[in-house]
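A short worksheet on the structure shown next.
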Amino acid sequence: MTLVGPLLQFALCAVLIARAGFVLSHSGDRLAALHGWGRGWVGLALLASVTSLPELTSGISAVALVHAPNLAVGNALGACVVNLAFLVIVDALQRRQPMYREAAAVHLLSAAFGVVMLGFVALSMQVGARAPSLFQVGAYSPLLFGLYLLALRSVQAHASQGADPPAAAGEAGREPDPGARRREWRRFGVAAAVVVAAGLWLPGAADRLATELQLSRSFVGTIFMALVTTLPEMAVTLSALRLGALDMAIGNLLGSSLFNVMILAVDDLFYRHGPLLAAAEPVHAGTAVTAMVMSGLVIIGLLLRPQGRVLRVASWVSVGLVAAYAINATMIYLAGA
């Protein structure tokens, strides 16, 4: 009976997030049309930042209140792996052809920056306590901040050059009504607040369930917590697909992965016992490498644009993503850190 309360809390949050995620994706698509933004850019910068707020708040709580660096690092890196694995669902739902045949080339930049940022995380974890630090903050933190901002800037510049076509306006030739923009921003803000509130409520239920199941903090953070806190991304992605906004869906998942890596730098600021990555278990470096491999597979898919499907379900790239996720989950469980 001790599992009933957390399970009910989890289910209620999931319903709220699913509904708010639909509103967010619809508002994001509308704002893209009103402002002339590319859908990939909206997914990367706007939706990804909002839907990743649960990972941000739970990571800060883990290091500042619970003093659990493994929970924070596992949550951030595990969320990257979950987001990349969810691309398999996106691929499977594209019934006409694999999603890589239709996706915009701008996503190559997002995935490439993800590989670079994750590479620095893996290197920092390998160096451990020998890594340089300043005021108990690792040298990698400002680097991750800078790379994230550079990624946003680069994708925006690439989109403005026409590589990422803007969402179609409702009526051609008519100037958008400023009142419509304000109403849409208010709608977007309310939905974002619901996602944040429900996302903040979710980790408590997940942690209590994990305690009852007697799982390690690294496993809980990387697998269970990551799955829970990425529910907003999943809801927004599925809602974007219902709108036919494939690039917004892909941009949201890849952008959330970038934001989650940057969250490690924020968590590092709140961790007062030295560089955060130096305190985390080495097994998390494997999760970072797994996310790099998965990002690399996405880049290959966007370049080769495979046409065939395995068992008529998804492309061979998706098969590779599923295999990488399963290997990482097994590795974390067996480590038991």
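Yes/no matrix, rows are residues, columns are (1) more than 18 Å from ASP29 (Cα to Cα); (2) at pLDDT 70 or above:
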| position | (1), (2) |
| --- | --- |
| PRO142 | yes, yes |
| ALA151 | yes, yes |
| SER154 | yes, yes |
| ARG174 | no, no |
| PRO178 | no, yes |
| ARG181 | no, yes |
| TRP185 | no, yes |
| PHE188 | no, yes |
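For beta carbons closer than 6 Å, sequence separation of 6+ or different chains, a first residue in the range 96-110 that is modelled with pLDDT of 90 or more and a second that is assigned to a helix (DSSP H, G or I) and of a type in the set (Gly, Ala, Ser), the qualifying pairs are TYR100/GLY301; LEU109/SER154. Per the conditions (1) in a helix (DSSP H, G or I); (2) within 28 Å of VAL293 (Cβ to Cβ), the sole criterion not satisfied by ALA103 is (1).
Among the residues of the range 213-222, are any in a helix (DSSP H, G or I), surrounded by fewer than 24 Cβ atoms within 10 Å (Cβ to Cβ), charged (D, E, K, R) and at pLDDT below 85?
Start the filter on the range 213-222 by keeping residues that are in a helix (DSSP H, G or I), which leaves 213, 217-222.
So of that shortlist, the ones also surrounded by fewer than 24 Cβ atoms within 10 Å (Cβ to Cβ) come out as 213, 217, 219.
Then keep just the ones that are charged (D, E, K, R); that gives 217.
Checking which are at pLDDT below 85 leaves us with 217.
Checking the range 213-222: at least one residue is in a helix (DSSP H, G or I), surrounded by fewer than 24 Cβ atoms within 10 Å (Cβ to Cβ), charged (D, E, K, R) and at pLDDT below 85.
Comparison of SER58, SER49 shows that the only residue that is surrounded by fewer than 24 Cβ atoms within 10 Å (Cβ to Cβ) and either touching a Leu at 6+ places or on another chain (Cβ under 6 Å) or part of a helix (DSSP H, G or I) (or both) is SER49.
If you check ALA249, ALA235, ALA240, ALA279 for being closer than 19 Å to THR222 by Cα and either touching a His at 6+ places or on another chain (Cβ under 8 Å) or small (Gly, Ala, Ser) (or both), only one passes: ALA279. Checked against (1) touching a residue at least 60 places away in the same chain (Cβ under 8 Å); (2) closer than 17 Å to VAL261 by Cα, HIS67 meets all criteria but (2).
The values are calculated or read from the model by the stated rules, or taken from the named source; none is laboratory data. Note that the structure is a prediction, hence the values are computed from the model and not measured. Glycine gets a Cβ as well: all are built from the backbone with ideal geometry, and neighbour counts include every protein chain shown.
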